[in-house]
Ligand code: OAD
């Protein structure tokens, strides 16, 4: 990645007041969390229909919970990387900064990000489908599987948006509002194939925002990017951050 590109992107960012960042699995890849669609991606080895749909959960809740328990075990062993840490610091740097993530791994919060919109939920939370109560559960491994609601005894589910389900309208509304008002939007480590998340940068671009994409590979959003920065988030974000001063 040429330094010139980083410096031009940094110049756009330096003068911005309203900055939005959308992250995907790629930002956690360097921490050791598997992505979904790369060569080693989860959806290459597992069928989403068997593990990440309401129908799959109704059919076999133990199988679904065992799979999430395995993923929780991987995530519990790793920590935030320099990419997450830069984004946590940017919260204080820009007057209006919104971090939107598709990730459920909780690594942005561990890095120190406090204002965070988790579009697809959080793997460390359970939800009671009967009562809607959301409870944090950090036990690794989970026991028992499947976990049950301490209040009503019903089967708990992961607090994660599955295929075929809608996103929380409040969270999605905030994400759209921030994106539509952004002066600069960064899109980091997402294949930009899953909507509505992938529509957020389009809303920003339509409102005239400068779009910076950080990804080793091109995506469907690349044609809309003013600055497509090719490389790893853990490398490019610290360089972009250093170029702001
Ligand atoms: P994907 O696995 O689809 O895409 C990961 C992206 O990260 C790819 O474009 C990679 O090129 C890029 N990438 C890989 N390593 C990187 C690195 N070190 N730095 C920067 N980028 C890197 O993951 P998402 O786009 O997040 O849904 O997938 C979206 C949703 O699909 C997920 O939230 C998940 C999945 O089904 C739910 O869990 C509900």
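What is the diffusion coefficient of region 14-156 in µm²/s, taking the Kirkwood radius over Cα pairs and the Stokes-Einstein relation at 10 °C with a viscosity of 1.306 mPa s?
D = 96 µm²/s.
Tilt of helix 3-14 relative to the longest C-alpha principal axis of the chain, in degrees (0 to 90, nearest 10)?
It is inclined by approximately 80 degrees.
Please compute the modelled spin-label separation between residue 195 and residue 163, points set 7 Å along Cα→Cβ, answer in nm with one decimal.
According to this spin-label approximation, the distance is 1.7 nm.
Rounded to whole Å, give me the distance from the Cα center of region 201-245 to that of region 18-46.
16 Å
Angle, helix 169-181 long axis vs. longest principal axis of the chain, Cα atoms, 0 to 90°, nearest 10?
0 degrees
Remind me, relative contact order of the chain in percent, using alpha carbon pairs under 8 angstrom and six or more residues apart? Each step should come with its number before you reach the end.
On the way: 449 pairs, mean separation 63.3, N = 245.
Reported relative contact order: 26 percent.
Report Rg (one decimal) and Dmax (nearest whole number) for the chain, counting Cα atoms only, units Å.
Rg and Dmax of the chain, Cα atoms, are 18.2, 59 Å.
Would you mind checking region 14-42 for residues with the amide N under 15 Å from a putative spin-label position 7 Å along Cα→C-beta of residue 244?
Of the residues in region 14-42, 14-22 have backbone N under 15 Å from the label point off residue 244.
Could you work out how far helix 61-76 tilts from the main Cα principal axis of the chain, as a 0 to 90 degree angle to the nearest 10?
Value to nearest ten degrees: 40.
Taking 0.36 nm per residue of separation and subtracting the Cα-Cα distance, what length does fully extending residue 15 through residue 74 add? Write down the numbers at each step before the final one.
Details: separation 59, 0.36 × 59 = 21.24 nm, distance 3.90 nm.
Stretched out fully, the residue 15 to residue 74 stretch lengthens by 17.3 nm.
Mind listing the Cα extents of region 111-245 along all three principal axes, in Å, largest one first?
52, 29, 26 Å, listed from the longest principal axis down.
What percent of all Cα-Cα pairs in region 90-152 falls in each 10 Å bin, counting up from 0?
Spelled out per bin, shortest first, that is 18, 42, 27, 11, 2.
Where does region 185-240 land on the Kirkwood hydrodynamic radius, alpha-carbon pairs, in angstrom? Intermediate results must be reported in sequence, preceding the final value.
Working: mean 1/r = 0.0893 Å⁻¹.
For region 185-240, the Kirkwood estimate is 11.2 Å.
Quickly estimate the mean residue ellipticity at 222 nm for the chain, helices only: each DSSP H run with n ≥ 4 gives -39500 (n - 2.57), and the total goes over all residues, rounded to 500. Display every interim value, and only then the final one.
Details: 11 runs with 94 residues, N = 245.
Helix-only estimate at 222 nm: -10500 deg cm²/dmol.
Mind ranking 168-178, 18-28 by how tightly packed they are, going by the mean number of other C-beta atoms within 10 angstrom, highest first?
Numbers: 168-178: 15.6, 18-28: 26.6.
Taking the mean over residues of other Cβ atoms within 10 Å, the ranking is 18-28, 168-178.
Given q = 0.16, 0.26 Å⁻¹, what are the Debye log10 I(q)/I(0) values for region 45-102, with equal point scatterers placed on the Cα positions and solvent ignored?
Reported log10 I(q)/I(0), two decimals: -0.71, -1.01.
Throughout, read-outs are computed from the coordinates displayed, never taken from laboratory work. What you see is a predicted model, and the numbers here were worked out from it, not measured in a lab. As a convention, Cβ positions derive from the backbone with ideal geometry for all residues, glycine included, and neighbour counts pool all protein chains shown.
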